[in-house]
Each structure stands twice: as C-alpha cells, then as structure tokens.
Amino acid sequence: MKYIRTRNFKDWFIDLLNFGFLKLVENEPLRTYYLKPPLQIIVKKKVVDSLSRRYRSDYEIGGILLAEPARIGLVNVLLVDGVRYVRNMSRDPGAYQANISMKKYIRECFQGTKSGKRHFPIKFHSHPRGPNGLPEMFMTYFQMSTSESDKKRATSRYRVTCKKCPFVIALPSILCIVSDDNEVFLGVYGGNIAPKDFVEYGEKILCKMSDEAMSRGLEAKSLFNKITGIISALGISIAASGFRMSNPQLRSFAMQIVLLRKSMKTDDNYFTMVKNEDAVVEIPS
C-alpha cells in the first residue's frame, strides 16, 4: 500500500489530483473538488470495533472518521484508521448535533502531522435501534435509511486555501448502526459519489432478484419449479415495495434480503455489514 503523504499541503493536493482522487465540478460558486470514483473505502477493524463499543441503542452518536488516501496497486483507497467522537449537543435522542470540537478535529485532519500524514474528515453519525416499542431486530434494519435531515447534510464542504487561492473539498457522509449481535452497518451517502439514501440501490438489487426468479420459473421444465419461481418473484417484488413504506417489519425484511444478497454476491457497493473484521465499501464509477 502506498500512502499519499507530503509535508506540504500544496504537494499533497497536487498528488491527489495526479492520482485521480479528486475531480473538479463546474458551476459551483467556489472552485469545488469532489472525490472521484471508482474508490474503495476500507474501515480498519480497530475502528469497526470502536464504533461497536461506543454505539448506543437509544441515542445518536457521531464524529468524524479519519480517512487517509492511499493506493493499492492502481486502486485508489481511503483507509479509515482512526475516529474522533464528537459530543452530541441535541436534546433529541434521535438527532445528532456536533459540538464545537468538530471544527478542531477537521482542521487537524487537513493540517496533518510532521511526517506528512493527512486525512479526509468524513462525518458520521449513528441511528439508534430503540426504544420504539418494537423488537430491536426490526428497528435495526428499519433504521438503515437516511432521514430527510441526513439527506440535506449528506455532503460536507470544507473551504481550504492553497497559496492564497481558496477552494472547496466536498466529502460524503457515513451512517452507522450496530445490531444487538454487534454487527456493524456502514453506509456511505452523498458527496456526489453515492446516493443520498440506500433505498434506491436496495430496490435495484431486489428488482434484479425478482427478474432472475421469474426467468428461472418461466424456463423451468416442471410445473412445480415454474410455480415456485413465479411465487418467489412476486414475494421479492412485495418486499421491494417495503422500502417505500413506513412499516418497520416490511422494510426490515427488505433490507435483510438485500444484505444477504450482497454478502452472497460479494457486493460491497455503498454499504456493508461486518463483525470483527475490516469493513470494505466500494464506490463504483
């Protein structure tokens, strides 16, 4: 693994451009750079474990994940090797409002260390899985969706100055949920590189599964297999409709199917769920 490290911020920024980590987006008030897919985000096991320990089932937590740019061969990677927790100032347990220390941590990320190690500060927050009067299993998967407030703040913009020339670096956000079995869900949203919600991608997966089941049923030779395939396709279609409903049980069922499918197909696009290992999230082009 080759890290992108320089003592000088200008040289670091130029290296990021040369290696294709950033792309300039036109038609913005100030010159703005976003991350450039394809990109792999690797959250180290120690960070996953820390998130699991600090998670609260009844109250949102948050902060920033320290993502260092690196390259594995020709693949651009953001290696999340640290986390800074920032106190939640909101009185609403189902909302997150960072205190002023967030700005300090963000500034330190861009300033870097004497050895030239710098991070992209990626904001994260959690969704509680209870209490809600419903089993925590239902709420765990039901909460794997961004709220309207989350969508509005999906992209974080940081104004930086290089040689007296100001510009903006825009980054996505991450949602974290931990199940009662200590499995950690991590989903990347926003930043002009990922959907603002996981519903759209989840629906695509279920629609593809439904089409595959229907094709198997229609192509089957036996009547039993035909009926089974068609019933499976209809069942998956009904599950897909659960993403658009507020029913926790149906949406929970839909997300469980999606995560099972992703684990079987080794699909790490946009979100994943892990336990006791590195978390890998792919951002496709």
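The values are calculated or read from the model by the stated rules, or taken from the named source; none is laboratory data. Given the structure is predicted, the values throughout are model-derived calculations rather than measurements. In this analysis, Cβ positions are derived from the backbone assuming ideal geometry, glycine residues included, and neighbour counts consider all displayed protein chains.
When the range 255-280 is limited to residues that are under 18 Å from P195 (Cα atoms) and hydrophobic (A, V, I, L, M, F, W, C), the one that is nearest to the chain's Cα centre (by Cα) turns out to be F271.
Of the strands (runs of 3 or more DSSP E) that lie entirely inside the range 1-72, those containing 3 or more residues that are within 24 Å of V280 (Cα to Cα) and not polar (S, T, N, Q) span 32-35, 39-43, 62-72. The set of residues in the range 103-157 that are part of a helix (DSSP H, G or I), under 17 Å from D58 (Cβ atoms) and among the aliphatic types (A, V, I, L, M) comprises M137, M139. Filter the range 81-102 down to the residues that are part of a strand (DSSP E or B) and hydrophobic (A, V, I, L, M, F, W, C), then identify the one that is farthest from L17 (Cα to Cα). Only one residue fits best here, namely A98. Mind checking whether some residue in the range 91-98 is farther than 16 Å from L175 by Cα, modelled with pLDDT under 95 and over 17 Å from the mean Cα position of the chain (by Cα)? Yes, the conditions are met somewhere in the range 91-98. Does L78 qualify as being under 24 Å from M144 (Cα atoms) and in a strand (DSSP E or B)? When the stated conditions are applied, L78 passes them. Selection within the range 25-62: residues that are modelled with pLDDT under 95 and of a type in the set (A, V, I, L, M, F, W, C). The member of this set that is farthest from the chain's Cα centre (by Cα) is L30.
Within the range 255-285, the set of residues being out of contact with any Pro (no Cβ under 6 Å at 6 or more places or on another chain), within 19 Å of Y189 (Cα to Cα) and among the small types (G, A, S) comprises just one member, A279.
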